[in-house]
């Protein structure tokens, strides 16, 4: 499974940029991760490949624990494998 992180604009705060870079490096130990920065909100969808699962993060969105994120990621991975084998993915 591959991940593409699409961000609107650049992270200008040095400490936050360092934290983002560290997290991306941690993820790269386990899977392929690519980061894209877009200048406009309208460009976000253009940066998402067809057939991809889109997960939007928002400050006002639902908060997940690491365990919840891991559970959903595992579900998406299983679904992706089934879709590759059968052409369909339930739920």
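No value in this document is a laboratory result; all are computed from the given coordinates. This structure is a prediction, so every number in the text was calculated from the model and none was measured. No Cβ is skipped: glycine too gets one built from the backbone with ideal geometry, and neighbour counts run over all protein chains shown.
Quick notes on this structure:
- Exposure proxy ranking, count of Cβ atoms within 10 Å, fewest first, for 43, 32: 32, 43
- R0 of 22 Å, Cβ-Cβ distance residue 2-residue 57: FRET efficiency to nearest 0.05: 0.80
- Here the label points at residue 64 and residue 40, each 7 Å from Cα along the C-beta direction, are separated by 3.0 nm in the simple model.
- For 26, 12, order by how many other beta-carbon atoms lie within 10 Å, fewest first: 12, 26
- Proxy reagent accessibility, fewest Cβ within 10 Å first, across 73, 31: 31, 73
- Distance distribution P(r), region 8-58, all Cα-Cα pairs, bin width 10 angstrom from 0: 20, 48, 31, 1 percent.
- Axis angle, to the nearest 10 degrees, between helix 14-28 and the longest C-alpha principal axis of the chain: 20 degrees.
- At full extension, residue 48 and residue 24 could sit 6.9 nm farther apart than now, given 0.36 nm per residue minus the alpha carbon distance.
- Counting only DSSP H runs of at least 4 residues, each contributing -39500 (n - 2.57), and dividing by the residue count of the chain, the helix-based mean residue ellipticity at 222 nm comes to -13500 deg cm²/dmol.
- Region 21-84: C-alpha gyration tensor shape, a/c 1.5 cut-off, then a/b vs b/c: rounded
- Inter-label distance, nm, simple model (7 Å from Cα along the C-beta direction), residue 17/residue 79: 3.5
- In the chain, the longest principal axis of the Cα atoms and the axis of helix 66-86 are about 50 degrees apart.
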